Every structure is written in C-alpha cells, then in structure tokens.
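As structure tokens, the structure follows; a few thoughts come after it.
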Amino acid sequence: MADDSIAVVDLDRCQPDRCNYECVNFCPPNRTGKECIVERGDHYDEEEPYEGGPNQVFISEEICLGESCGICVEKCPFDALEIINLPQELDETPAHRYGDNAFALYGLPAPQEGRVTGILGPNGIGKTTAVRILAGEIDPNLGRHADPPSWDDVMDAYRGTELQEYLAALRDGDVTVARKPQYVDKIPETFSGNTRELVEGVDERGVADDVIERLGIAPVIDQDIDTLSGGELQRVALAATLVRDADFYFLDEVTPYLDIGQRVTAARLIRELAADGDRSMLVVEHDLAVLDLLADSIHVAYGQPSAFGVVTDPKSTKGGINEYLTGYLDNENMRIRQEAIQFEEHAPRTGSTGDTLVEYPDMSKSYGEGEFSLDVAAGEIRRNEVLGVVGPNGIGKSTFAKMLAGRLEPDSGALGVALDISYKPQYIDIDQPMRVDAFLSSVTDDFGSSYWNTEIAQPLQLERVMEQDITDLSGGERQRVAIAACLSEDADLYLLDEPSAHLDVEQRVLATRAIRRYAENNDATAMVIDHDIYMIDLLADRLQVFAGTPAEHGHAGQPVGMREGMNEFLANLGVTFRRDERTGRPRINKPGSQKDREQKQAGEYYYASADNA
C-alpha cells in the first residue's frame, strides 16, 4: 500500500462467525498467494497479546493495494473494513495509533499558558485521544504500537514545535490536570454523596463559594448527586473542575443541558481562570456561538470518524470556525467536506396557519410545599407546525412536556383530549441489551423500507450503528437513535426534548433537517425543546417562552411568532446575537459592546442583519 494509505478494521463490526470471509477470498493479493488479509490468529504468535479475536481479520498495509482496489471493503457484509487514502499533505508519522488496522491520530493541539484553546471537529475524530495524551493518560506512540518509542524519541519528534515545552513538562511529571468529563450523566455512577461534598472536596483554590454562586447551583448544594437534572450535573461538574488548582484544564463539552445564560456564564468563568496565572485551558465544544465567545484560538480536527483524525495547527477563532463551516482549510489547502454548512439568514417564519391540533387550558403543577411550581397559560398547538420551546433550565419545560405526554398529571387543567404523543426525553436511558436495528424495528413497521431509510435513517446517519448494541453507543449515537425512534412512531404530536445534546456541528444540522423535513413531508406536528438557538430558529414556526425563577417557579406563555418570542426570551437573558458577515452564522455579542447596545435599543436581539454586524 502507498505510504499515504491506512487500513482500518472495526473490531466491533467484524463478525467472522456470520460471514464467509468474503474479504479474504476476494482479495486480489490473496488470490496470488500473498497473505494480505488473514485471520488474526494466523498472523500473530498465539503467545503474544493482540487486539480482537483470533478469527477476526488483519490487513497487511504493506501488501494491500490501497483504496484504488477496495474490493474487500465492498465485499464485507458488515461494513467493517475501510481502506483510506490519507491527505497527501499529511505528515506520515501519526502522534498515536491504537494498534494494527486501528484508529490513527495525526497532530496534537498545543495548550498555551493564560489562553483558552478550542478544538472543533466531528465526533469520533480523535479529540478525546488528543486530550488523553496531553493529560498524561496515554503516552504518544508515534504509530509504533508494537514497539512503543521512548520519551526521548517522542521529544525528538516534537523538537522545535509549540508542543516541545509542554511535552517535556508532561514527561517530567510537572503537569497537573483537571478534567471535566463529556457525559455528566455518568457522574452518579462514580460518586455517591451530595453536591457540597463533591465540589468542596476538590476545592484546591478556596473559591468554591464564589463558583457555586456564579453557576447558580446554590439551591442544589445539599442535594444528592443522583437527584440532579442534566443541567445541574453539568454545572456541578464544571464547578468541581474549575475549583481545582491545575496547570492544564480540559473541558469536554460544557454546553449540553445548559441554557444560553448559563453557557455565557460558564464561558466567562473559564476565560477568567485562564487569565489568572499560567493555566492552560483546552475546550472541546460544538456550540459555535459559545466556542467563538470562549476561545482565543482553535484547532480544527478533521478526517474520517473511527478511522483517522488530523488536528491542524492553531487558527484564529473566527477564521477557524468559518473555514470549518465552508469545508476548506486555507493554510492546509485541504477540502474536508464537499458541501459547506450553510447558516441561512432569514426573516423569522410567520408561523403556521393550520387547524388546531389541541387546545390546552390554564394548567398548573406543584411538587409540594416550598418546592418547584409551574403555571401554564392556555394556548393551542396547530397542525403541521414545529413549535419551539425555550427558557432557562429548571423552569418547567420538561414538566410541561411530560404533562402533554401523559407522563405527569397536572394539579389543575386536564387536557380533556387523548393525544398520541411520541416523546423523546431529555436524558436518553435506553439500556436494553439489544441491537439498534432490533430496537428500531420494534418501534415501527416501516423499519428498513426505502421511505424510512430516506426520511429517517440516512439523514440521521444510522447505517453504521444498526448492528451495534444500544448499550455500547456513544452519547451522540444514542441521541440520533432516540430521535429516529421518536419520529418512527405514528403519533399526533412529536415531542423532542433537547435533541441537540452531544451532537457535533454537522450532526446538529442533519438532525435539524431531518426533523423539519419529516414534519413538512408528513403533515406532522412537532414540539422541540432545545437550548441551541440556531437549531430552534431553523426548526420552529412559532415559539413558546418559559420564564420565572429557576427551581422555584416557572411560567409558560402562549405560543407566539418567532420574532416576538426570540426577543422576549433573549431580553430576559440580556443576550444579543449578530450575524457573521462571511457565513451568516449567529455570534453572541460581547455584553456592553456597541453592537449589543444598538440591538437592545432597537429591540432586535436575534434577527439583526449581518450587514450591520
């Protein structure tokens, strides 16, 4: 194989007990007597450890003819093989490779003292691997997984680069690390106790009280961790990371489950800590508006998920984000995507004029004396519309959704009509030990039909996870399966609670299109609760705004037009957005800036043109 190609075998998908070794039998080099594709037990000494089962296949990259052949890829019935031509401009030496025919990472981000460095890229592209190397959890093997290099070899490889000094400190054990996990809903599985015990137990800087106050978690400070919502867990995890006294802070997705106000507060806290001394901050984030506000510079990560990833040299935040969206990296002269991600700048939709699907009366729900209460103003949901639902966390959005779905009885104001509701909850708790295809086929009789594949499976990129067990999926994969399951049911109302969580930028765009297209093509009615403002803008015909005091009392207003609703919502938060003049993407204005003041005075918090940005 050419030096710029790699072979990847997905060991989770390679199922030799269910195939006839088509890859082995049809491989041209094999048919000439060479051992290009063989069983792993034949290739390795049985006394030596190796990845995968002995009957799974190994591909010799030295013998393989490369992507120009690709016969094994086409013949594999489980889509377990990939032969990939690497970009010609790529350095031939990876920073790390997990094994033979396994994922390879090229390049590493360079943390900078006193600055926030961002990483932007798809899921499964090696961002977490890069961070684990910088955190000292993995020693970079420079692709020599069978004969790992010494630290002297690693230092030679990075001599003269921005990483040299950092890696030297890492080698000498002079780097302390504080890390916020990506999936905060897993925290209760590893920690039993209350919020105070978790945060104060790691408070090495003596700032717990201030951080707790600013992140708004004082109301839950004495609650057990396993009783917290996702938004509360996210803020607690952030607090427990920022109170540490470390040289290197790694924050993996700080925005899932947080509302806009909380996202801006988190960004300010992170920036303040970076400016306080010699600390290095590295942030992986998919909310472009927050990443733009947060980072001093960014690295773009690209490649092929689960196969290889490339981390670029640092770029300016604005330039890096725009290059990522257009799909072309200027300095690298590299096209990373055939189509640009478009952010349409449009006037707000005027709203659906369809017939009424359901009228609901004034409703209320209280969780007890001194506990949270919600009141809902009477309103209507129209047929064939997408109704966006926005508001701070802890304000009752999910409570309202559960009342509509019949999962929670209101104290007053019953619906009085039976609606078939397909409900995707905020937290994905699909723990059945079953394959994705079996799970989805149990939801709909249309599973596998050309219509279902076109409308749901393909837009949500489900093909590669169909034969995986649900319990083995990542957070983003579970999210896409849950969206598919929701849309696959026959229902009067499709209710999706935070469908953007753990999805990368491209997946959010695809999920938005899938939901909107499904609603339009099937005359379906949908309610979407989300904190990704741009996703709501693209999806919604009208907006329902929740306000009040989080964790105490919430009020749900009547559904209104998009302009009125967006202005009301963002005015409550004191946040304005402008448009990037090149891509049209939404960008958060810095509080108190000239643009922020102008838009507030005009009462236009979101639908301001890029021409005036």
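The values are calculated or read from the model by the stated rules, or taken from the named source; none is laboratory data. Just so we're clear, the structure is a prediction, and the values are computed from it rather than from any experiment. Note that we place each Cβ from the backbone using ideal geometry, even for glycine, and neighbour counts take in every protein chain shown. What goes into the accessible areas is simple: the full protein's heavy atoms, side chains included, and nothing from ligands, DNA or RNA. Shrake-Rupley method; radii C 1.70, N 1.55, O 1.52, S 1.80 Å.
Write down the accessible area per residue of the chain in Å², having rolled a 1.4 Å probe over the full set of protein chains. Walk me through the intermediate numbers first.
Values: 25760 Å² over 613 residues.
Averaged over the residues of the chain, the accessible area is 42 Å².
With a/c under 1.5 counting as rounded, go ahead and sort the stretch 239-384 into rounded, prolate or oblate using the C-alpha gyration tensor (a ≥ b ≥ c being the square roots of the eigenvalues; past the cut-off, prolate if a/b is larger than b/c, else oblate). Before the final figure, lay out each step's value.
Working: a/c = 2.95, a/b = 1.41, b/c = 2.09.
Oblate, because a/c is 1.5 or more while a/b does not exceed b/c.
In percent, what relative contact order does the stretch 436-547 have, based on Cα pairs under 8 Å that are 6 or more apart in sequence?
On the way: 115 pairs, mean separation 28.8, N = 112.
Relative contact order here is 26 percent.
Only loop residues by DSSP count here, and only those with at most 15 other Cβ atoms within 10 Å; note down the GluC sites (Glu not before Pro) in the stretch 499-555 that meet that.
On the way: sites: 506, 520, 552; in loops: 552.
Sites meeting the loop and neighbour criteria: 552.
So which trypsin sites (Lys or Arg not before Pro) in the stretch 519-588 are both in a DSSP loop and have at most 15 other Cβ atoms within 10 Å of their Cβ?
Hits after loop and neighbour filter: 582.
Given 365/402; 186/365; 365/424; 180/600; 186/318; 315/595, which pairs have Cα atoms separated by over 23 Å?
Those over the limit are 186/365; 180/600; 186/318; 315/595.
What residues qualify as long-range amide H neighbours of residue 386, i.e. H under 5 Å apart, gap of 5 or more or another chain, H built at 1.01 Å from N?
The list, which skips near neighbours in sequence, is 526, 541, 542.
Taking a 1.4 Å probe, which of 63, 529 shows the most accessible area, and what order do the others take after it?
Descending accessible area places them as 63, 529.
May I ask for log10 I(q)/I(0) of the stretch 461-512 at q = 0.14, 0.18, 0.20, 0.31 Å⁻¹, from a Debye sum over the Cα atoms as equal point scatterers with solvent left out?
-0.36, -0.59, -0.72, -1.32
Show me the ranking of peptides 218-231, 406-419 by mean Cβ neighbours inside 10 Å, starting with the highest.
Those peptides, ordered most packed to least, come out 218-231, 406-419.
Evaluate the relative contact order of the chain (contact order divided by residue number), counting alpha-carbon pairs under 8 angstrom at least 6 apart; express in whole percent.
13
Could you report the accessible area of residue 373 in Å², rounded to 10, computed with a 1.4 Å probe on the protein chains as they sit in the structure?
Roll a 1.4 Å probe over it and residue 373 shows about 30 Å².
Rounded, prolate or oblate, given the Cα gyration tensor of the stretch 533-600, with a/c below 1.5 counting as rounded? All intermediate terms of the calculation are to be shown ahead of the outcome.
Values: a/c = 2.39, a/b = 1.42, b/c = 1.69.
It is oblate, given that a/c is not under 1.5 and a/b is not larger than b/c.
What ranking, highest mean first, results for peptides 286-292, 162-168 when packing means the other Cβ atoms within 10 Å averaged over each residue?
Values: 286-292: 23.9, 162-168: 17.7.
The packing order, highest mean first, is 286-292, 162-168.
Rounded to two decimals, what is Rg over Rh for the stretch 382-519 when you use alpha-carbon atoms and the Kirkwood radius?
In the stretch 382-519, Rg relative to Rh is 0.96.
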